[in-house]
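Here is the structure we will look at, set down as structure tokens.
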Amino acid sequence: MRTAMLTIGAFAKACRLSPKALRLYDELELLKPRRVDPDTGYRYYAVEQLEQARLVAWLRRLGMPLARIRQVCALRPADAAREIRAYWAQVESETAARRDLAEFLVGHMSATPRKDTTMLELHYCAHSDRGRVRPANQDTAYASTRLLAVADGCGPAGAPASSAAVEALRFLETEELGADNLLNLLEDAVRGAADAVRDAADGTAEVGTTLTALLWTGSRLALVHIGDSRAYLLRDGALFRITDDHTVVQSMIDEGRLTPEEAVTHPQRALLLKCLSPAITESPDLRLRDAEPGDRYLLCSDGLTSVVPDARIRHLLTSAPAPDTAVHALIDAANEAGGPDNVSCVVADVVESAV
């Protein structure tokens with residue numbers, strides 16, 4: 001019994017792909033015709049190829065790159081579904097970051113007066129502790145009137161790497177900060193931090209550091225983040241995590257391959273997808289946040305979050321009267337839970353200026 005064949009025109013109409021697209025997918029070996037006329041070069045497709053062609057068309061409408069579509073088409077249906085879910089989670093994450101930028105630009109271009117923001121300032125405290133297990137401290141914690149930062153180094157030169165990354169941002173404390181160039185300035189500063197980490201590594205590729213920092217502009221807080229250190233906002237008694245972990249485990253949670261409960265004991269929970277490293281050149285997350293009187297911000301290394309749950313962090317932040325008591329209460333909680341890692345915390349309160 002002969003397989004029913006469709007001309008390229010009929011096949012294109014049935015699967016809603018243009019003949020031009022079908023010829024391209026043939027050249028890329030993504031969707032090969034079942035038969036090619038040796039004399040005319042005319043392409044013929046089997047009816048049973050329509051399902052794969054329609055899948056390619058749907059994935060193209062999602063915006064999936066052709067190389068990834070080829071991978072999806074080679075998978076079994078259940079595995080293909082997981083890969084599509086993973087791709088869409090990535091799209092949503094990137095869209096969220098662009099949405100934050102768009103909202104900032106709309107507000108900036110609208111030039112809407114902002115109530116009370118020019119009369120706000122930060123009260124802050126930073127501290128880093130070796131913990132109870134590690135022989136040395138590779139974390140760096142820093143706070144000033146304009147810059148808050150936590151970095152968690154890894155590898156044989158982790159300590160100088162984290163210190164160098166934070167030090168490279170300190171010029172921002174005296175830089176003239178305009179809302180129109182703030183994100184560009186931050187992006188340039190992170191490039192400088194990456195260069196500083198490279199110098200600190202002294203030729204060793206297995207060195208890197210996380211970096212999570214907030215820059216105070218007098219009206220907004222600009223966030224830069226890469227790695228698995230975290231930033232939290234305590235507002236009106238509710239705790240919000242405002243950074244996403246750049247880890248293998250978090251990507252698996254986002255893709256639905258792992259539950260948050262399973263992630264706690266996963267063997268790869270500390271494996272980073274992004275950090276400042278000589279061997280990795282990934283872009284950090286950059287965001288702008290409006291500040292309100294009464295806000296309390298926490299920046300911390302994973303030495304805190306790996307052993308102290310968010311509910312406990314919220315309780316300690318809520319009950320501590322001042323940033324210094326909050327910082328030491330959080331570090332004490334991590335050490336009471338075993339202190340398996342270095343732990344660093346920066347707590348800053350947004351308060352009305354007395355001037």
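Nothing in this text is a laboratory measurement; each read-out follows from the coordinates by a stated rule. All of these numbers come straight from a predicted model, not from anything done at the bench. FYI the Cβ positions are ideal-geometry reconstructions off the backbone, even for glycines, and counts take in every protein chain you see.
With the convex hull built on the Cα atoms of the chain, state its orientation-averaged projected area in nm².
Details: hull surface 95.7 nm².
Mean projected area for the chain: 23.9 nm², to one decimal.
Return the ratio Rg/(2.2 N^0.38 Å) for the stretch 5-74, where Rg is computed over Cα atoms only. Could you put the intermediate results ahead of the total?
Working: Rg = 11.5 Å, N = 70, 2.2 N^0.38 = 11.1 Å.
The value comes to 1.04.
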If you rank Val72, Val346 by fewest surrounding Cβ atoms within 10 Å, what's the result? Val72, Val346
Grab the DSSP H runs of the chain that are 4 residues or longer, score each as -39,500 (n - 2.57), total them, divide by all residues and round the 222 nm result to the nearest 500 deg cm²/dmol. -12000 deg cm²/dmol
Roughly how many debye, to the nearest 20, is the charge dipole of the stretch 5-74 about its Cα centre, given +1 on each Lys and Arg Cβ, -1 on each Asp and Glu Cβ, and no other charges? 320
Among Val133, Val166, Leu186, pick out the residue whose Cα is farthest towards the positive end of the charge dipole of the chain, where Lys and Arg carry +1 and Asp and Glu carry -1 on C-beta, about the Cα centre. Leu186
Taking Cys275, Cys73 and counting other beta carbon atoms within 10 angstrom, the fewest-first order is Cys73, Cys275
Under a point-charge model restricted to the Cβ atoms of Lys and Arg (+1) and Asp and Glu (-1), what is the dipole moment magnitude of the chain relative to its Cα centre, in debye to the nearest 20? 2020
Charge-dipole axis of the stretch 117-352 as Lys and Arg at +1 and Asp and Glu at -1 on Cβ define it, positive-most pick from Gln250, Leu288, Ile226: Gln250
10 Å beta-carbon shell around Gly303, net charge (K/R +1, D/E -1): -3
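Within a Cβ distance under 13 Å of Ala67, other residues only, what is the Lys/Arg minus Asp/Glu net charge? Write out the running numbers ahead of the final one.
Values: positive: Arg60, Arg68, Arg70; negative: Glu29, Glu83.
Net local charge, Ala67 excluded: +1.
In what sequence do Ser277, Ser163, Ser301 fall when counting other Cβ within 10 Å, fewest first?
Values: Ser277 23, Ser163 20, Ser301 32.
The most exposed by this proxy come first: Ser163, Ser277, Ser301.
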